[in-house]
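K.L.:
The structure is given below, and queries will be raised subsequently.
The values are calculated or read from the model by the stated rules, or taken from the named source; none is laboratory data. Computed from a predicted model, the values in this text were never measured in an experiment. Every residue, glycine as well, gets a Cβ built from its backbone with ideal geometry; the counts of neighbours run over all protein chains shown.
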C-alpha cells in the first residue's frame, strides 16, 4: 500500500495526515500521540476512526497539524483519518458516516466588528 495523504480542518486547525501500513504508531508533529495529546479524551478522538473500523494496530500515522487549540487539532486529525479510512475501503464510509466523522464542522469564531467591543457585544450605551 502506498502512502495516503488527506487533509482535515476544524475551526482554524489544519491537519495533514499520511497513512501507511504498519503496527499502529501515531506520530503528531514528530511527537508520540500520548505526549502531544496528554488527556484520554483527545487520544480517544484521534483513535475513533480506527476503533470504529476495527483497524487500530494496522496502520502507521504521521500527522502535521497547526493552528487552533488542542481540541480543534484533535478533531481536525479525526476528520482527516476518517477520510483516509474511506479511501482505503469504501465499506468504512457506512460505518463512519452515521457517527458524524465525515462531516466538516463549519463553526468558526465570528469576527469582531468596528464600533463594537466584540463580535456581538456593544460598548455600554449612555443616554446622557
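K.L.:
Could you look through the range 44-59, keep only residues that are in contact (Cβ under 8 Å) with a residue 12 or more places away in the chain and assigned to a helix (DSSP H, G or I), and pick out the one that is farthest from residue 85 (Cα to Cα)?
P.N.:
Looking at the filtered set, the residue picked out is 45.
K.L.:
Within the range 67-82, track down each residue that is part of a helix (DSSP H, G or I), surrounded by fewer than 21 Cβ atoms within 10 Å (Cβ to Cβ) and touching a helix residue (DSSP H, G or I) at 6+ places or on another chain (Cβ under 9 Å).
P.N.:
Residues of the range 67-82 part of a helix (DSSP H, G or I): 70-82.
Then keep just the ones that are surrounded by fewer than 21 Cβ atoms within 10 Å (Cβ to Cβ); that gives 70-72.
Answer for the range 67-82, where residues must be part of a helix (DSSP H, G or I), surrounded by fewer than 21 Cβ atoms within 10 Å (Cβ to Cβ) and touching a helix residue (DSSP H, G or I) at 6+ places or on another chain (Cβ under 9 Å): 70, 71.
The rows are residues; the columns are (1) modelled with pLDDT under 95; (2) in contact with a strand residue (DSSP E or B) (Cβ under 9 Å, 6 or more places away or on another chain); (3) closer than 16 Å to residue 4 by Cβ.
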site: 46; (1), (2), (3): yes, yes, no
site: 50; (1), (2), (3): yes, yes, yes
site: 55; (1), (2), (3): yes, no, yes
site: 60; (1), (2), (3): yes, yes, yes
site: 68; (1), (2), (3): yes, yes, no
site: 88; (1), (2), (3): yes, yes, yes
site: 121; (1), (2), (3): no, no, no
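K.L.:
Something else: May I ask you to list pairs of residues, at least six apart or on different chains, whose Cβ atoms are under 6 Å apart, with the first in the range 93-110 being under 12 Å from residue 13 (Cα atoms) and the second being exposed (fewer than 10 other Cβ atoms within 10 Å of the Cβ)?
P.N.:
No pair meets every condition.
K.L.:
Looking at (1) over 25 Å from residue 27 (Cα atoms); (2) assigned to a helix (DSSP H, G or I), which is the one condition that is false for residue 93?
P.N.:
Failed condition: (1).
K.L.:
Somewhere in the range 25-40, is a residue outside any loop (DSSP other than H, G, I, E, B) and within 30 Å of residue 121 (Cα to Cα)?
P.N.:
There is no residue in the range 25-40 that is outside any loop (DSSP other than H, G, I, E, B) and within 30 Å of residue 121 (Cα to Cα).
K.L.:
Here's another thing I want to ask about it. Of the residues that sit in the range 34-44 and are buried (at least 19 other Cβ atoms within 10 Å of the Cβ) and in contact with a helix residue (DSSP H, G or I) (Cβ under 8 Å, 6 or more places away or on another chain), which one is farthest from residue 63 (Cα to Cα)?
P.N.:
42
K.L.:
From 127, 113, which residue is more than 14 Å from residue 19 (Cβ to Cβ), modelled with pLDDT under 95 and exposed (fewer than 15 other Cβ atoms within 10 Å of the Cβ)?
P.N.:
The unique qualifying residue is 127.
K.L.:
Being in contact (Cβ under 8 Å) with a residue 24 or more places away in the chain, touching a helix residue (DSSP H, G or I) at 6+ places or on another chain (Cβ under 7 Å), within 19 Å of residue 5 (Cβ to Cβ) and surrounded by fewer than 16 Cβ atoms within 10 Å (Cβ to Cβ) narrows it down to one residue among 64, 29; which is it?
P.N.:
Of 64, 29, the one residue that is in contact (Cβ under 8 Å) with a residue 24 or more places away in the chain, touching a helix residue (DSSP H, G or I) at 6+ places or on another chain (Cβ under 7 Å), within 19 Å of residue 5 (Cβ to Cβ) and surrounded by fewer than 16 Cβ atoms within 10 Å (Cβ to Cβ) is 29.
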